[in-house]
Amino acid sequence: MTLLLWIAYKGTRYAGFQVQPNAPTVCAVLQDAMQAALGQRPDVKGCSRTDAGVHARRFALSFCYTGRVPPQKIVPALNAHLPPDIRALAVEPVPDGFHARYAAHEKTYCYHILNARVDDPFTLDTCYRVVPPLDLAAMQQAAAQFTGTHDFRALCASGSSVAAHGDTVRTISRCTVEQTGDRFVITVTADGYLYNMVRILAGTLVEAGLHKRTAGSIPALLQSGDRRQAGPTLPAKGLFLQDVHYPAR
């Protein structure tokens, strides 16, 4: 049978999800746990590669399961063999041929910012700190300009192979900024993402919050397709894959 497994992980210790030959990755650790708990090391299909240091609250992956452990016992079996910074959350059967990445119609990412003069030791690995005060309203007005279907080449890291082929049009259905005390959370839901797109978008919104650019400048930025006109690529540690959305099955 084909199963869809949901996991959460703190990405600080890992070089992303995808297996790499000379670096620890979430996928490699998960497959080690599968081997130990389920007696098989399946070829897993992740919903996203995620970069080094990026975290996930709900990451989905699919795999063909031929083991003897009943599906309802897979989650506790895996958690008994996983490190504390990776947790299995749930598992469900899906149709044969289901691919966690290609079947997803939208993914939601959140970027976390601490607006404070001093680091918080409890969020040091999961928030990016900005010292000067941020203007929430200015950030919200700028965020609204990113919603809709646009060519997001200007928010794509230089040298991206996708950008080289011109496949840079995506649809953002939600782009918001919320503040709770000294915490700002940028939330983006889209049908697809370019390399470093959310981190560059977040850097651009921080510039708006610091009054270094206006909301009215965003349409021209997108139309330019020029990465140099967008904001900085913020550090990976503030980025979370928040959820993956699949059509009703």
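The values are calculated or read from the model by the stated rules, or taken from the named source; none is laboratory data. Computed from a predicted structure; not experimentally measured. Heads up, the Cβs are rebuilt from the backbone with ideal geometry, glycines too, and the neighbour counts pull from every protein chain shown. Calculation scope for accessible area: heavy atoms of the full protein, side chains included, ligands and nucleic acids excluded. Shrake-Rupley method; radii C 1.70, N 1.55, O 1.52, S 1.80 Å.
Observations on the model:
- Residue 211 meets the conditions (1) open to solvent by less than 10 Å² (accessible area, probe 1.4 Å); (2) over 19 Å from the mean Cα position of the chain (by Cα) in every case but one. The failed one is (1).
- For region 134-186, taking the residues that are open to solvent by less than 70 Å² (accessible area, probe 1.4 Å) and of a type in the set (D, E, K, R), the one that is farthest from residue 222 (Cα to Cα) is identified as 182.
- Filtered residue count, region 83-100, keeping only those that are assigned to a strand (DSSP E or B) and either more than 16 Å from residue 71 (Cα to Cα) or open to solvent by 70 Å² or more (accessible area, probe 1.4 Å) (or both): 4
- Counted residues, region 51-70 - those being out of contact with any Gly (no Cβ under 9 Å at 6 or more places or on another chain), assigned to a loop (DSSP other than H, G, I, E, B) and open to solvent by less than 30 Å² (accessible area, probe 1.4 Å): 1
- Within the option set 204, 189, being touching a residue at least 60 places away in the same chain (Cβ under 8 Å), under 26 Å from residue 52 (Cβ atoms), outside any strand (DSSP E or B) and open to solvent by less than 60 Å² (accessible area, probe 1.4 Å) holds for one residue only, 204.
- Residue 33 meets each of the listed conditions (1) within 26 Å of residue 234 (Cα to Cα); (2) out of contact with any Gly (no Cβ under 9 Å at 6 or more places or on another chain); (3) free of Cβ contacts under 8 Å to residues at least 60 places away in the same chain apart from (1).
- Selection count, region 144-168, where residues are more than 17 Å from residue 192 (Cα to Cα) and not hydroxyl-bearing (Ser, Thr, Tyr): 3
- Test: residue in region 116-123 that is surrounded by 12 or more Cβ atoms within 10 Å (Cβ to Cβ) and either in a helix (DSSP H, G or I) or in contact with a helix residue (DSSP H, G or I) (Cβ under 8 Å, 6 or more places away or on another chain) (or both): no
- Taken together, the criteria place residue 80 among residues that are hydrophobic (A, V, I, L, M, F, W, C), over 25 Å from the mean Cα position of the chain (by Cα) and more than 20 Å from residue 111 (Cβ to Cβ).
- Residues of region 159-169 satisfying the condition of being over 19 Å from the mean Cα position of the chain (by Cα) and either at pLDDT 95 or above or in a loop (DSSP other than H, G, I, E, B) (or both): 159, 165, 166, 167
- Condition check for residue 127: open to solvent by less than 80 Å² (accessible area, probe 1.4 Å), in contact (Cβ under 8 Å) with a residue 24 or more places away in the chain, in contact with an Asp or Glu (Cβ under 9 Å, 6 or more places away or on another chain) and at negative phi: yes
- Tallying residues that are open to solvent by 20 Å² or more (accessible area, probe 1.4 Å), part of a helix (DSSP H, G or I) and either charged (D, E, K, R) or closer than 23 Å to residue 102 by Cα (or both) within region 30-50 yields 2.
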